[in-house]
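Below is one structure; the comments refer to it alone.
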Amino acid sequence: MSEVGNRLKSAREGSGLSLRRFAHELAEDFTLLSRIERGQRYPPKGSLTKFAKALSLTPPQLEALIAVERRGLDPHELLPEIPAAHISDDCIERAAETVLKKYCRAVKRAAVELPVPVDAVLAGACRLSTEYCDFKKKGVPGRSSALYGCLYPDGSAGKDRVVFVNTGRIRGRQLSSEEMRITAAHEAGHYILHCGNKESAQLFFRFSKGPTFCREAECEESLFDPREYQASVFAACLLMPRRHFVNEWQRLSGSEAELAKAFDVTASFMHRRAKMLGCE
């Protein structure tokens, strides 16, 4: 089985879809998808953009992956920048815990305080700057009036790595302070899970880490946006660490309003974390 086939199968199974249902969602023949999963075919050129999105890749990354495989080369060795197609919630939680531990070591604390100081954590553990600004006034691209936040992993505005959070009006309202915290953590999830710290040794296969633009801070998992779901899971794990959440749940007798206040998040985001940990 090829890496492309493995990724396709992983993305399909991660979405909980049968081959036929997956093919229907992609508007492709299920026999084509079956052959791709078995390593007998590659996505057709005319559908590369669609397949790349389903595989959590950019079109250039998918083209490079196919090119490497056609030559019988090892994609894991040549393309270390390409992230995994499906990342389990447990893996995401471990990634968030690693970030929090790194922050605690940097500030010489035994455990992170509550509510989690998201800006300080991103700066101390990830070297990510956080800037809160009106996207429309700042001229952020990508239909800025509808954006919650964006990440520039290669830097912007004189900063090496920066997360921007929109303080302007979005569809007639401004984000609450809780939503802004969630958005900052969400963008950090893209950086930790999807940008990768390794670079290909082959200049031909190096990819620019372009900015991400997010329109929802609390994204649900979907077939075509697994990275948005993964980033939101990371945000929940970062802002509501497992041990802290379980302790607060018991102390506050599961009160949603009090828990949301303790972690400085929205009630809906708190409810998501409770569901993840089986605390409902």
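Rule-based calculations on the coordinates, nothing more; no lab input. As the structure is a computational prediction, the values presented were derived from the model and not from experiment. Cβ coordinates were reconstructed from backbone atoms using ideal geometry, including for glycine residues, and neighbour counts include every protein chain displayed.
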**Three-way shape label, segment 239-280, alpha-carbon gyration tensor, a/c 1.5** = rounded
**Asked** Taking the alpha-carbon centroid of each part, what is the distance from segment 108-175 to segment 239-280 in angstrom?
**Response** 23
**Message:** Kirkwood hydrodynamic radius, segment 92-157, all distinct C-alpha pairs: what's the number in Å?
**Reply:** 13.7
**Request:** Go through 42-48, 56-62 and give me the packing order, highest mean Cβ count within 10 Å leading.
**Result:** 56-62, 42-48
**Complete:** Length-normalised contact order of segment 1-102, Cα under 8 Å, at least 6 apart, in percent, tallies to 29
**Item:** Protection-proxy order for peptides 267-277, 226-236, each taking the mean of Cβ atoms within 10 Å per residue, highest first
**Value:** 226-236, 267-277
**Asked** Which of Lys138/Lys159; Lys101/Lys261; Lys101/Lys136; Lys137/Lys159 have a Cα-Cα distance over 25 Å?
**Response** Lys101/Lys136
**Prompt:** Residues with amide H under 5 Å of Tyr148's amide H, sequence separation 5 or more or different chain, H placed in the peptide plane at 1.01 Å from N; which?
**Reply:** Cys214, Arg215, Glu216
**Message:** How charged is the neighbourhood of Ala111? Take every other residue with its Cβ under 15 Å from the Cβ of Ala111, and add Lys/Arg as +1 and Asp/Glu as -1.
**Reply:** +4
**Asked** Based on the mean of other beta carbon atoms within 10 Å per residue, what is the order of 27-34, 11-18, most packed first?
**Response** 11-18, 27-34
